[in-house]
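For reference, the structure discussed in these notes is given below.
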Amino acid sequence: MQINLNHVQRDSSNKWLASVVLDAIQYQDPEAFEASCRVAGGLNQWLDDDELETLLSAHENNLKQIRQQAENEQLKKNKEESQVLYAYDKTNKDLKFAVGRTVLDHEKITFTSSQFKNWIQRQLERNDITVSQREDLLAANYWLAKAEQITIRNGI
């Protein structure tokens, strides 16, 4: 992002007033303001071109770091969502339930009603499932009991 410094006050030797540069950063990009202030703390009140470049570089680096962190969080969220297993009635895909957290070997698995009940029973017998996963399995078993074919697939 480019910071507009056209209104920033300069002295007779063409140095920039640090507080006004920081105001411009805060106004135009509040996320990076804190890092810019930390860097500005070690600079003079009037900035020469090198000091201004240092301050703007710190601002730009902080922006890159914020964007990278947001990108990493989004990737993590997408990965977590893709590891959720959903079961749904093959004829009514709007009725779906989370039934676990893992990744299937295949894109999807289709069960008959009795096969699905056996699969649910095996999942409930596992020792490593949480209470909420157990509740999800029981809800899926209840709501999909009348479905003739049930599909389980990764992700949303």
Practice item. Out of the residues in region 37-54 that are assigned to a helix (DSSP H, G or I) and in contact with a Phe, Trp or Tyr (Cβ under 9 Å, 6 or more places away or on another chain), state the one that is surrounded by the most Cβ atoms within 10 Å (Cβ to Cβ). Key: 51
Exercise for review: Answer yes if at least one residue in region 102-110 is open to solvent by 80 Å² or more (accessible area, probe 1.4 Å) and either at pLDDT 85 or above or in a helix (DSSP H, G or I) (or both), and no otherwise.
Suggested key: no
Review point. Inside region 111-128, can you point out the residues that are in contact with a helix residue (DSSP H, G or I) (Cβ under 7 Å, 6 or more places away or on another chain), over 16 Å from residue 88 (Cα atoms) and surrounded by fewer than 17 Cβ atoms within 10 Å (Cβ to Cβ)?
Key: 124
Review point. With (1) of a type in the set (Asp, Glu); (2) modelled with pLDDT of 80 or more; (3) in a strand (DSSP E or B) as the list, and residue 94 as the residue in question, which single condition is left unmet?
Key: (2)
Review point. Does region 62-97 hold any residues that are more than 15 Å from residue 153 (Cβ to Cβ), surrounded by 14 or more Cβ atoms within 10 Å (Cβ to Cβ) and not aliphatic (A, V, I, L, M), and which are they?
Key: 62
Revision key, fill the gap. Given the conditions (1) at pLDDT 75 or above; (2) surrounded by 11 or more Cβ atoms within 10 Å (Cβ to Cβ); (3) aliphatic (A, V, I, L, M), every one holds for residue 20 apart from (1)
Check your understanding: In region 22-36, which residues are under 22 Å from the mean Cα position of the chain (by Cα) and either over 13 Å from residue 61 (Cβ atoms) or not in a helix (DSSP H, G or I) (or both)?
Key -> 29, 30
Point to revise | Residues satisfying the stated conditions in region 136-156, i.e. part of a helix (DSSP H, G or I) and exposed (fewer than 12 other Cβ atoms within 10 Å of the Cβ) | key: 142
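The values are calculated or read from the model by the stated rules, or taken from the named source; none is laboratory data. These figures come from a predicted structure and were not determined experimentally. Backbone-built Cβ (ideal geometry, glycine too); neighbour counts: all protein chains shown. Calculation scope for accessible area: heavy atoms of the full protein, side chains included, ligands and nucleic acids excluded. Shrake-Rupley method; radii C 1.70, N 1.55, O 1.52, S 1.80 Å.
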